[in-house]
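Novice: I have a structure here, written as structure tokens, and I will follow up with some questions on it.
The values are calculated or read from the model by the stated rules, or taken from the named source; none is laboratory data. Computed from a prediction, not measured in an experiment: that's the story for all the values here. All Cβ positions, glycine included, derive from the backbone under ideal geometry; neighbour counts span all protein chains shown. Only protein heavy atoms, including side chains, enter the accessible area calculation; ligands, DNA and RNA are left aside. Shrake-Rupley method; radii C 1.70, N 1.55, O 1.52, S 1.80 Å.
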Amino acid sequence: MRLTDRISARVEQRTLGGAPWQPFVPFGQGGPVHPSKYFIGQEHALRLSPLYGAVKLLADGVASLPLKIYRNVDGKTIPWTGPSLFDNPAPIGTVYDWLHQCMQSLLLHGNAIGYVTSRDGFGFPQQIVWLAPEHCSIVDDETQDFANPVKPRYYYMGREIPAADLLHIRAFTMAGHTEALSPLGAFKALIEGGLDQQSYSKMWFANGGFPPGTFKNAEQEVDADQSRAIRGSLTETMRLRQPLVYGRDWDYTPISVKPEEAQFVETVRLTATEFASIYQVPPERIGGSRGDTMTYSNAEQGTNDLITFSLRPWLVRLETAFFDIMPAGRFCRFNCDAMIRTDTMTRYQTHAIARTQGWLTNNEIRDIEDRPPLPGSIGDETLPNEVLDRKST
């Protein structure tokens, strides 16, 4: 049998023919219910604006970075230009959607569980579908005297799935446990409190958290029946936004309470600041407050801090997880430089230094600036420009 025939046969053997969620198995049969299902769902939790802002900031930040593949050849790092998992990682959506879904699962549930739907002829994953974490459960092997995290059992919709067909990425790991800590479960009280605050704020401004005003008659006593009739007439007039007419014996005094006095704004800021602390993002990016007077001198410095303290741990976590499912000698890296935007003067000064030192050619700089290369081979010369000037004279 020829080599191509053997590879084709191997591909047919390794291609998975079905997905674990078909046919549907009622949830709860064969595996425990996911803890987050008991109190709050991710769609409900994402109604909380600071949580939504933090998750979106990190997920968009990771998904928007270019993901490059490299290989080691004789101790040198060379870009890989062949096919890879990241060309078309899922049957539906783009690589941006795929990375975004992975980050959502990690940020909300602490676990991203991907099901390998197909493999190449050498057994490496070609496509991975991220399973809904709220429908997944992980049970450490309890057949021995103690829970054995080396042999966990994975369930999706109540049906057990072989661990060999899954890619499990964990956010906050704990010793002795296969399943990572879920932020939805760990910060249940904070999320519910924030949602209650949002709901109360809405009702406050929609229905009135305090009487709109007082209507006083200084000339005569008003009994309960007359008070109800007057109040009903006044309320109807105010709802219809009609002019209010009353005689000299009535005195109307509107009541107004500033939102700051009702502590709405401070409560919102406190909630946002707490979520910023949980997800290690700049508080001002999600509506919170730093509590100090520190400001960034420029946008580049703020972006560098975001990459270093907020995105970098997630990038390393994903790079390490993807390394384990790639062929030997290959690895992937996120290009963080794609997020940094400098002003024109700073960018040109950087190019000038790089060209003067001779570690960037003119054509490489022109390629960065989306300009065509120089004619001939002069643009590929690595010698500094001043050296070329002396040689030409």
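Novice: Determine, from the Cβ-Cβ distance of Ser227 and His177 and an R0 of 51 Å, the FRET efficiency 1/(1 + (r/R0)^6), rounded to the nearest 0.05.
Specialist: 0.20
Novice: Roll a 1.4 Å probe over the protein heavy atoms and report the accessible area of Trp98 in Å², nearest 10.
Specialist: Number for this one is 0 Å².
Novice: Which ³J(HN,Hα) values in Hz, rounded to whole numbers, follow from the phi angles of the range 302-318 under the Karplus curve 6.51 cos²θ - 1.76 cosθ + 1.60, where θ = phi - 60° and Gly and Pro get x?
Specialist: Running phi through 6.51 cos²θ - 1.76 cosθ + 1.60 with θ = phi - 60° gives x, 5, 4, 5, 4, 5, 5, 9, 9, 8, 4, x, 5, 5, 5, 4, 5 Hz.
Novice: Take Asp141, project a point 7 Å from its Cα along the Cβ direction, then tell me which residues of the range 160-195 have their backbone nitrogen under 14 Å from it.
Specialist: 163-164, 178
Novice: Moving to a separate point now. Please sort 179-186, 282-289, 193-200 by packing, taking for each peptide the average over its residues of neighbouring beta carbons within 10 angstrom, highest first.
Specialist: 179-186, 282-289, 193-200
Novice: Let me ask something additional. Evaluate the distance, in nm, between pseudo-label points positioned 7 Å from the Cα of Val316 and of Arg290 along their respective Cα→Cβ axes.
Specialist: 2.4 nm
Novice: Just the accessible area per residue of the range 104-193, please: how many Å² with a 1.4 Å probe?
Specialist: 44 Å²
Novice: Moving on. Rounded, prolate or oblate: which fits the range 46-156 when a ≥ b ≥ c are the square roots of the eigenvalues of the alpha-carbon gyration tensor, with rounded for a/c under 1.5 and prolate only if a/b beats b/c?
Specialist: It is oblate, given that a/c is not under 1.5 and a/b is not larger than b/c.
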